[in-house]
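Remarks on the structure that follows.
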Amino acid sequence: MSDDILDLLCSEQHSSSLAFAREIRSGVTQHTQRAFNLLFRTQSHHPSRALRFKIAEKVARVEQRPELEHWYRDHAPSEAPAESEHQCNEVYRFAERIIASPIEGEASYINALSEAGLSDDEIVTVAQLVGFVSFQCRLLTGMKLLQGVGRTERSEPPVAGRWLRHSTTQRGSSAPTRFTREQLAWEPWLAPRSSEDFSKEEWESLSHHGQTGSLYFRLLGRNMPVLEQRTLIDRGIFYTPGGLPRGERELAATVTSRVNGCIYCASVHSRKAVHFLKREDVVDKLLSVAEGGVLSAGQDSRTAAIIDFAGAHSMAPSQASLDDIKRLKDAGLDTLELLDLVQSTAFFSWANRLMLTLGEPRTLQ
């Protein structure tokens, strides 16, 4: 079996420039496949492998990637899921909700999984699995577009998605009601692991990446092997030299968060975008777009092309088109830069789904 599923599914449209770009970003490819192996080939984590493949198949169907849907169906274990019918149905409902519209995530969905008998560790693994397949679908769509395969054009420019405007969190803390570059905190709906729960090696891994003080990462630490690979994917996409300038990768993350309604992620990555771009006007203009407003309005041609692609690619399913790729190439982006843009957008489609469905932002008081 191939160790690179995406390459296998794109093999009929071989592109030497894309293959070269992926080789430069080989760390992303390797850690993506290792995350896949942990989520689908290991028996060490619940839920059952059969249920995990069923979830992935459903996610790929919602994302309208039939070749990936068929791959998961064809490679699924022959046995039925070990979980009860009620548990399976709750998991399917959760997956379909957060993949189609992650802003719909709320604590009651997590509570429903708990009431169905899933442990906190299992819930985190399910959320990671859904986010991972969302990421995988967008990598596949982007690779095919770079090979000249996909929808020709879009009818409308990408617009800002809906976001929650509750003034308080589930716990009664003050909640942000608008997109901002201000620093925010995040409240989980499940208990993160305490520092004492981690092994020495696990804690050193969190410490190495500066994650020990984060409730978010300590919650994702309920499945440490997957978190470790996800962190290395993140580093491979956002911290590598060459290719798309770092500020534009961070801009893509901010755009994705605007489409999905993730105020917390947008606050973090809009600050990074300003730091690297040295362009407060570009970022603040993006953050100020009203719900339903065109995300790229008023931006220069290169920035608008990046925003339009990232916005379209963030939708579920992706609406990115060959026309978007042409505009980016006309703006001067080469294949490696395009791959960086695809990967940055795809990764935050994963990140947003975790942030929006496992907890919520709060203001710092």
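Put simply, of Glu96, Glu57, Glu63, Glu115 the only residue that is of a type in the set (Asp, Glu) and in contact (Cβ under 8 Å) with a residue 60 or more places away in the chain is Glu63. From the list Arg193, Arg235, the lone residue that is among the basic types (Lys, Arg), open to solvent by 50 Å² or more (accessible area, probe 1.4 Å) and out of contact with any His (no Cβ under 6 Å at 6 or more places or on another chain) is Arg235. What are the pairs, 6+ residues apart or on separate chains, where a residue within region 143-171 that is in contact (Cβ under 8 Å) with a residue 60 or more places away in the chain and β-branched (Val, Ile, Thr) has its Cβ under 6 Å from a residue that is open to solvent by less than 40 Å² (accessible area, probe 1.4 Å) and in a helix (DSSP H, G or I)? Taking only residues 6 or more apart or on different chains, not a single pair turns up. Of all residue pairs spaced 6 or more apart or on separate chains, those with beta-carbon atoms under 9 Å, a first member in region 353-365 that is touching a residue at least 40 places away in the same chain (Cβ under 8 Å) and among the small types (Gly, Ala, Ser) and a second member that is in a strand (DSSP E or B) and surrounded by fewer than 22 Cβ atoms within 10 Å (Cβ to Cβ) are Gly359/Trp186; Gly359/Glu187; Gly359/Pro188. For region 80-98, residues that are over 19 Å from Ser314 (Cα atoms) and open to solvent by less than 50 Å² (accessible area, probe 1.4 Å) total 8.
Restricting attention to region 38-69, the residues that are under 18 Å from the mean Cα position of the chain (by Cα) and polar (S, T, N, Q) add up to 1.
Take region 26-52 and flag every residue that is part of a helix (DSSP H, G or I) and of a type in the set (Val, Ile, Thr). It would help to see each step written out before you state the result.
The first filter runs over region 26-52 and keeps only residues part of a helix (DSSP H, G or I), leaving 26-40, 49-52.
The answer is Val28, Thr29, Thr32.
Counted as qualifying within region 263-364 are the helices (runs of 4 or more DSSP H) with 1 or more residues that are among the charged types (D, E, K, R) and surrounded by 18 or more Cβ atoms within 10 Å (Cβ to Cβ), namely 263-277, 301-314, 322-330, 335-358.
Looking only at region 99-110, which residues are in contact (Cβ under 8 Å) with a residue 40 or more places away in the chain and loosely packed, with under 15 Cβ neighbours inside 10 Å? The answer is Ala100, and nothing else.
In region 106-119, what residues are more than 24 Å from Phe347 (Cβ to Cβ), out of contact with any strand residue (DSSP E or B) (no Cβ under 9 Å at 6 or more places or on another chain) and part of a helix (DSSP H, G or I)? Walk me through it before giving the result.
Restricting attention to region 106-119, the residues satisfying the condition of being more than 24 Å from Phe347 (Cβ to Cβ) are 107-108, 111-119.
Right, trim to out of contact with any strand residue (DSSP E or B) (no Cβ under 9 Å at 6 or more places or on another chain) and you get 108, 111-119.
Passing the criteria: Ser108, Asn111, Ala112, Leu113, Ser114, Glu115.
Within region 105-143, the set of residues being within 30 Å of Leu322 (Cα to Cα) and in contact with an Asp or Glu (Cβ under 6 Å, 6 or more places away or on another chain) comprises just one member, Cys137.
Being among the small types (Gly, Ala, Ser) and touching a residue at least 40 places away in the same chain (Cβ under 8 Å) is not true of Gly332. Selection of first residues in region 174-194 that are within 21 Å of Leu286 (Cα to Cα) and part of a strand (DSSP E or B) and of second residues that are open to solvent by less than 50 Å² (accessible area, probe 1.4 Å) and of a type in the set (S, T, N, Q), restricted to Cβ pairs under 9 Å at least 6 apart or on distinct chains, gives the following pairs, ordered by first then second residue: Leu184/Ser267; Leu184/Thr363. Considering region 145-190, the residues that are of a type in the set (Ser, Thr, Tyr) and open to solvent by 30 Å² or more (accessible area, probe 1.4 Å) include one that is nearest to Gly311 (Cα to Cα), namely Ser155.
This table checks each residue for (1) in a helix (DSSP H, G or I); (2) at pLDDT below 95.
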| site | (1), (2) |
| --- | --- |
| Glu67 | yes, no |
| Pro77 | no, yes |
| Val124 | yes, no |
| Ala127 | yes, no |
| Phe135 | yes, no |
| Leu145 | yes, no |
| Glu153 | no, yes |
| Trp163 | no, no |
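The values are calculated or read from the model by the stated rules, or taken from the named source; none is laboratory data. Just so you know, these numbers come straight off a predicted model, no measurement behind them. Positions of Cβ are generated from backbone atoms using ideal geometry, with glycine treated the same way; all protein chains shown enter the neighbour counts. Only protein heavy atoms, including side chains, enter the accessible area calculation; ligands, DNA and RNA are left aside. Shrake-Rupley method; radii C 1.70, N 1.55, O 1.52, S 1.80 Å.
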